[in-house]
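To keep things clear, I will list the structure first and then write my remarks on it.
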Amino acid sequence: MKSVILCEGGTDLTLIQYFMEVANGWVYNKDDNAGIKVGKSRKAFLHDEDYLLIAQTGGCTKLCPCLNKLITLIKRAGNTAELIDKIVIISDRDEFDSAVNFIDDINNLLGAYQVEVLNQMQENQWVKCNIENDVKEVVSFEIMLLLIPFETTGALETFLLEAVAKSDDYDKNLIVKGTQFVDTIDPEKKYLTKRRHKTKAKFDIYFSIRTPVEQFSERQNILRNINWEEYEHIQESFKMLKELHTNRN
């Protein structure tokens, strides 16, 4: 099975990567040759015979254009090995006027390609789709939209900081002080205009202090040692990402 996860930014890609590696057993594949060139940057992973690409689009407004490109690839696929079986779009509610508007955008895109949608598009559910490819064969794929609320316990960044704080009292103090700084530094909301901006700023401040000279391996160790399986208790919908692996438990 071949799957693609679309997310907004580089931090999202990194955190989803470690979630998929630690919680779901995917292995990074630096020698990717699947040829799916979508998004601003991307990483590929393998799990037995299954393939996964995680691509960051560069912002919420780029999600639908990247989905458009994936549907084009599905329509042009010359054989089943080139097909994309599952597409997951991960974003947060704060970036959209409403989930309904974003779902409308996706439905309009599918309609433009004359995709047959077999069940109603809803967030956090697989939607089965059929499309006629360029050689007049009907092929199937699935889409799932995961909209993550950026409340205190909802964000991947917040989960990570809370996990670190539980394991190290010194780092907990850094996180608490960094959080207090972000919460008070921009009272007019001139720069931190959205809730997710504050969430990401708290995350970035901790890592700027913890690994100030771009210690990539140290950041890797911190991220890999997080018990990412626990995140599924906070975001129940993330359990559905197990379905990107054919022989899931």
First in segment 51-62 and on the phi > 0 side of the Ramachandran plot and assigned by TED's automatic domain parsing to the domain that holds Asp105, second anywhere and at pLDDT below 95 and part of a helix (DSSP H, G or I), Cβ under 9 Å, 6 or more apart: Gly58/Gly10; Gly59/Glu95
Residue in segment 37-45 that is over 23 Å from Gly154 (Cα atoms), among the aromatic types (Phe, Trp, Tyr), outside the structural domain of Lys194 (by TED's automatic domain parsing) and buried (at least 21 other Cβ atoms within 10 Å of the Cβ) present: yes
Selection status of Ile54, of a type in the set (A, V, I, L, M, F, W, C), crowded, with 21+ Cβ neighbours inside 10 Å and not in a helix (DSSP H, G or I): yes
Segment 183-202 - residue that is crowded, with 19+ Cβ neighbours inside 10 Å and not basic (Lys, Arg) and, of those, nearest to Ser91 (Cα to Cα): Thr199
Boolean, Lys239 is at positive phi and in the same structural domain as Ala23 (by TED's automatic domain parsing): no
Residue among Ile5, Ile36, Ile74, Ile90 that alone is in contact with a helix residue (DSSP H, G or I) (Cβ under 9 Å, 6 or more places away or on another chain), at pLDDT below 95 and in a strand (DSSP E or B): Ile90
Cross-chain or 6+ apart pairs with Cβ under 9 Å, segment 39-50 first and within 18 Å of Leu70 (Cα to Cα), then among the small types (Gly, Ala, Ser) and not in a loop (DSSP other than H, G, I, E, B): Gly39/Ala55; Lys40/Gly10; Lys40/Ala55; Ser41/Gly10; Ser41/Ala55; Arg42/Ala55; Lys43/Ala55; Asp50/Ser3
Residue that is among the aliphatic types (A, V, I, L, M), over 22 Å from Asp92 (Cα atoms), at pLDDT 95 or above and part of a helix (DSSP H, G or I), where the choices are Ile205, Ile175: Ile175
Selection status of Tyr28, crowded, with 17+ Cβ neighbours inside 10 Å and either more than 22 Å from Glu236 (Cα to Cα) or in the same structural domain as Asn107 (by TED's automatic domain parsing) (or both): no
Residue list for segment 124-175, filter: within 23 Å of Leu67 (Cβ to Cβ), among the hydrophobic types (A, V, I, L, M, F, W, C) and more than 24 Å from the chain's Cα centre (by Cα): Ile131, Val135, Val138, Val139
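Rundown of residues vs (1) more than 27 Å from Leu83 (Cα to Cα); (2) assigned to a strand (DSSP E or B); (3) not assigned by TED's automatic domain parsing to the domain that holds Ile74, yes/no style:
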position	(1), (2), (3)
Asp134	no, no, no
Val139	no, yes, no
Ile143	no, yes, no
Phe181	yes, no, yes
Residue satisfying all of: in segment 116-169; in contact (Cβ under 8 Å) with a residue 12 or more places away in the chain, surrounded by 14 or more Cβ atoms within 10 Å (Cβ to Cβ) and among the small types (Gly, Ala, Ser); farthest from Asn101 (Cα to Cα) among these: Ala163
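The values are calculated or read from the model by the stated rules, or taken from the named source; none is laboratory data. Remember, it's a predicted structure, so these values are computed and weren't measured experimentally. All Cβ positions, even for glycine, are placed from backbone atoms using ideal geometry, and neighbour counts span all protein chains on display.
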